[in-house]
Amino acid sequence: MTTTQGGGPTDPVTVTVIGHGSQVLPTVGLFVGGGLPVRVVTARPAVEQLLAPYPGVRVDVIPSYAQPPADALAPPFILALDRAEDLHQVQAWLPPSVARFHTGSRQVRGLLPLLAGPQAERDRLLARWETLRRVDRLVAMARGARRAVVLMYADPDPDAIGAALALAQILRLGGCEIAVRFTGEVRRYQNKLLLKYLRRRISRLREGELAEADLVAVVDAQPGFWRDDAPKADIVIDHHPVRDDTRAAYTDLRPGYGSTSTILTEYLQAAGLAIPKAVATALLYGLTTDTDDLRRHAGQADIRAYDLLHGRVDRPFLDRLQKAQIPPRLLDAIAWGISHRVVYRDLMLIHFGEIGTPDTLVQVADLVLLTCGINVAVCAGIIGRGDERRLVVVFRGDGYHMDVGRRAKDAFADLGSAGGHKTMGRAEVPIAALPAAESVPLLVDNLFRRMAPERRRRLVRTLVEHLAAPRPPDPDTYELEG
Ligand SMILES: [Mn+2]
């Protein structure tokens with residue numbers, strides 16, 4: 001059994017309040033109300049009488065603040081003294097502790113403020129009122145409507161879906177009928193899974209549906225995004241750069257936000273609305289995909305929204321989404337790539353020869369970069385026909401050991417287009433009718449300019465042999481099975 005002076009962490013904390021300032025009474029009341037034992041040390045006998053109605057409060061009256069009471073005091077210490085001289089005297093004998101406070105919110109040397117300042121509280125309240133005023137307006141618009149459409153642009157991403165669901169929840173308070181719609185086609189596998197999981201009737205906008213609606217809301221986009229047939233929107237909520245042509249009775253455009261889901265999460269939170277698990281899941285997935293897990297364009301508002309949502313989501317489902325990255329048809333290309341790889345120092349190189357889509361190069365490069373000791377993955381392939389025929393070289397790196405965008409540029413900029421940034425690079429070199437086998441020296445000689453010629457020749461020989469091996473089937477479409 002180990003105990004430390006002043007009790008272990010599980011013992012009830014006795015709060016020591018020292019002084020006689022105007023804040024003594026409310027401070028003692030605060031802690032007594034919270035069931036904490038309080039000891040008060042004061043140089044004013046009148047304080048003892050004032051505190052008489054409070055149960056469980058021990059009061060020690062000392063002759064002056066120059067001297068501590070006879071027995072030991074335990075932290076936390078809260079100094080309720082208005083005069084600087086009294087504060088200095090008490091601080092001179094106060095036992096050492098980091099838990100030394102003063103009542104109030106201003107800065108005092110050597111002491112922590114006990115409460116957030118009234119200014120901070122006021123700012124928080126004002127921000128909440130501002131948001132509540134917005135929610136009120138939305139609900140009022142819904143109250144005056146019979147049928148509302150919440151619209152997402154084109155192939156809706158998770159952020160649009162999360163924001164649309166949350167907005168529908170708010171508009172529903174107005175009692176109107178709500179349809180959540182998108183104008184394109186859902187392509188990404190993850191987005192199909194998300195819609196399936198949500199089991200809401202979120203579907204493609206049908207002919208005439210907008211004309212029937214008397215309230216139209218656009219989320220995560222602005223009407224000007226539509227190349228033709230821009231919808232006439234009454235409500236626009238978005239985090240993309242503000243367009244000059246965006247007009248609506250209600251707009252909330254916040255380009256500083258990482259996601260539209262963040263804006264809607266603030267609405268739900270300010271209004272004290274319960275966030276159903278499915279809605280929280282869509283909102284958090286929207287927030288994290290748009291901000292690349294808070295690494296990109298994420299600000300304080302996004303981090304606050306993350307904090308609010310992350311405990312309310314369906315975690316196993318989100319984990320499942322995260323893991324479903326490989327289309328089944330790509331497995332053969334991955335297998336072929338792995339068994340036809342060459343490794344030079346920390347670089348893994350795979351040349352696929354003729355291949356249907358550069359997506360395969362990207363997916364395989366991302367995947368083999370997970371190999372221990374491999375800091376750079378390079379996947380090459382020949383894409384297109386006739387004049388369009390070109391050698392595509394995809395670079396992936398950890399961004400720490402090498403700037404792969406620069407490496408792509410250094411190697412291939414003279415021959416075609418090449419560039420990228422630290423973790424991603426790409427080069428495209430027109431090769432017209434050049435036989436696939438002859439693309440190998442082109443690739444190797446430019447990629448490894450400083451490699452010894454003999455070694456380069458061996459590398460070329462190996463890769464040419466690889467190209468003669470049976471090809472993987474061509475994965476061109478990524479379908480949701482079942
Ligand atoms: Mn977005």
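At-a-glance table
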item	result
For a label point 7 Å along the Cα-to-beta-carbon line of Ala72, residues of the range 86-104 with backbone N under 12 Å	95-96
Environment charge at Leu112 (Cβ cut-off 13 Å; Lys +1, Arg +1, Asp -1, Glu -1)	+3
Distance from the range 423-469 to the range 89-116 (C-alpha centre basis), Å	70
3J(HN,Hα) from dihedral phi, the range 306-317, Karplus parametrisation 6.51/-1.76/1.60, rounded to Hz, x for glycine, proline	4, 4, 5, 7, 5, x, 10, 8, 8, 5, x, 5
Longest to shortest principal axis, alpha-carbon extents of the range 163-207, angstrom	34, 25, 15
Using alpha-carbon coordinates, inclination of helix 358-368 to the longest axis of the chain, degrees	50
Relative contact order for the range 3-133, counting Cα pairs under 8 Å that sit 6 or more residues apart, in percent	21
Lysine pairs meeting the criterion (Cα under 27 Å, 8 or more apart or interchain), as found in the chain	7
Span per principal axis, largest first, for the Cα atoms of the range 260-332 (Å)	51, 26, 16
For Val41, residues with placed amide H under 5 Å, excluding near neighbours	Val17, Ile18, Gly19, Asp60
Range of Cα positions in the chain per principal axis (Å), largest first	101, 67, 43
Contour excess over end-to-end distance, with Cα ends at Asp414 and Arg243 and 0.36 nm allotted per residue	57.7 nm
Gain on full stretching of the segment that runs from Ser105 to Lys422 - 0.36 nm per residue minus C-alpha separation	109.5 nm
Estimated vicinal HN-Hα couplings, Hz - the range 66-79 in sequence order (Karplus 6.51, -1.76, 1.60; Gly, Pro = x)	6, 10, x, x, 5, 9, 5, 9, 10, x, x, 9, 10, 8
Under 14 Å, Cβ to Cβ, from Gly425 - net charge with Lys/Arg +1 and Asp/Glu -1	+1
In degrees, nearest ten, helix 84-93 long axis to first principal axis of the chain (Cα)	80
Binned Cα-Cα distances of the range 59-198, short to long, each 10 Å bin given as a whole percent	10, 23, 15, 11, 11, 15, 12, 3, 0
Total formal charge among the other residues, if their Cβ is under 12 angstrom from that of Arg304, Lys/Arg +1 and Asp/Glu -1	-2
Kirkwood Rh, Cα atoms: Rg over Rh of the range 330-482	0.94
Simple label model, 7 Å out from Cα along Cβ direction - Arg450 to Ala211, nm	6.9
FRET E, pair Ala52, Ala140, Förster distance 35 Å, beta-carbon r, rounded to 0.05	0.10
Ranked Glu465, Glu454, Glu266, criterion: other C-beta atoms within 10 Å, fewest first	Glu454, Glu465, Glu266
For the chain, calculated [θ]222 nm from helices alone, where every DSSP H run of n ≥ 4 adds -39500 (n - 2.57)	-11500 deg cm²/dmol
Largest-first ellipsoid semi-axes for the range 127-322, taking √(5λ) over the Cα gyration tensor eigenvalues, angstrom	23, 19, 17
The range 334-380-the range 222-286 distance, computed between alpha-carbon centres (Å)	39
Förster radius 60 Å - calculated FRET efficiency between Arg83 and Arg199 (Cβ-Cβ, nearest 0.05)	0.35
Förster-model FRET efficiency, 30 Å R0, Leu132 and Asp293, C-beta, rounded to 0.05	0.50
Projected-area mean, the range 224-283, by convex hull of Cα positions, square nanometres	5.1
Percent breakdown of C-alpha pair distances by 5 Å bin, ordered from the shortest bin, for the range 15-113	3, 13, 28, 28, 20, 8, 1
Relative contact order, percent, the chain [alpha-carbon distance under 8 Å, six or more residues apart]	8
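Taken together, the values in this text are just the output of simple stated rules run on the coordinates, not laboratory data. The structure displayed is predicted, hence computed values, not measured ones. We place every Cβ from the backbone using ideal geometry, glycine too, and count neighbours over all the protein chains shown.
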